[in-house]
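This report refers to the structure that appears directly beneath it.
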Amino acid sequence: MYNLSMKQLVISPRNLRQQALADAKRQHILNAAKAVFMEFGLDAVSMREIAKRAGYTAGAIYSYFASKEDIYAALLTDSLERLNDCVSQSTQGASIDQKVDAKNTILELRKSALAFYQFYRDNPRDLDLGFYLFQGLQPRGLSGTWDQALNKRLRDAMHPQEIALTKLGFGKKEIDTELTAIFAHIVGVLLLNHTGRIRMFGKGADELINHYLDQLALRLPKNK
């Protein structure tokens, strides 16, 4: 029985090649779908149009994705994973010790918030994909498990800020309020910048984000 289990763990070169080919085809479909979504929006696109852009038959892509919503969810998943990686890199080396001094804790909060903002500033297509491309600013959720999982990964990207606020002595209700305010400010500035509306105020996006974080640091308790 042990030998049988070991054999089952062995992956043949042929299987590896087939898996690599399947992964490449899946990524090709995702790239094609992303381009079509950016051009037409989710609601106006069909699986047939995505297949045409990818150079496949409509039936072929159904072996990879059940619907265009599944493709959209896969694109969002990839985007959110890259967002979380960016935020995690910004907080590497941060201490989880609750006794860390407030100055360093506020710095950790600032770095993680800036990483969140800078990811979308530097990747405007991810901003389009995640926040407002489809039907303007109308909310669009995905059904069931997808919606919950994607919302969780978005919230995970703000977890370092949550940890910092916890170390500063905030309670859950206060933390939720501060996180919502940080998120709202970042998204608002990003959208103003991305649409060009920020020019009417004569200010830059980076300037506004740093001003907000400066003011946040001033009102955060040094020893709560």
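The values are calculated or read from the model by the stated rules, or taken from the named source; none is laboratory data. Given the structure is predicted, the values throughout are model-derived calculations rather than measurements. In this analysis, Cβ positions are derived from the backbone assuming ideal geometry, glycine residues included, and neighbour counts consider all displayed protein chains.
Just to be sure I understand the filter: pairs with C-beta atoms under 7 Å, separated by 6 or more residues or on different chains, first member in region 167-182 and in the same structural domain as Tyr212 (by TED's automatic domain parsing) and surrounded by fewer than 19 Cβ atoms within 10 Å (Cβ to Cβ), second member hydroxyl-bearing (Ser, Thr, Tyr) and assigned to a helix (DSSP H, G or I). Which pairs pass?
Listed by first residue and then by second, the contacts come to Ile175/Thr166.
Being of a type in the set (Gly, Ala, Ser) and either surrounded by fewer than 19 Cβ atoms within 10 Å (Cβ to Cβ) or in contact with a Ser or Thr (Cβ under 7 Å, 6 or more places away or on another chain) (or both) is the filter here, so list the residues in region 152-166 that pass it.
Ala164, the sole residue that qualifies.
Got a sec? Which helices (runs of 4 or more DSSP H) wholly within region 17-119 have at least 1 residues that are at pLDDT 90 or above and under 20 Å from the mean Cα position of the chain (by Cα)? Lay out the reasoning, then the answer.
Working: elements: 47-54, 58-61, 68-90.
Of the helices (runs of 4 or more DSSP H) lying wholly inside region 17-119, those with at least 1 residues that are at pLDDT 90 or above and under 20 Å from the mean Cα position of the chain (by Cα) span 68-90.
From the set of residues in region 170-224 that are of a type in the set (Ser, Thr, Tyr) and more than 20 Å from the chain's Cα centre (by Cα), which is farthest from Tyr117 (Cα to Cα)? Full working, then the answer.
Of all residues in region 170-224, those of a type in the set (Ser, Thr, Tyr) come to 177, 180, 195, 212.
Imposing the further condition that a residue be more than 20 Å from the chain's Cα centre (by Cα) reduces the set to 177, 212.
Working: Thr177: 18, Tyr212: 12 Å.
Ranking the candidates gives Thr177 first.
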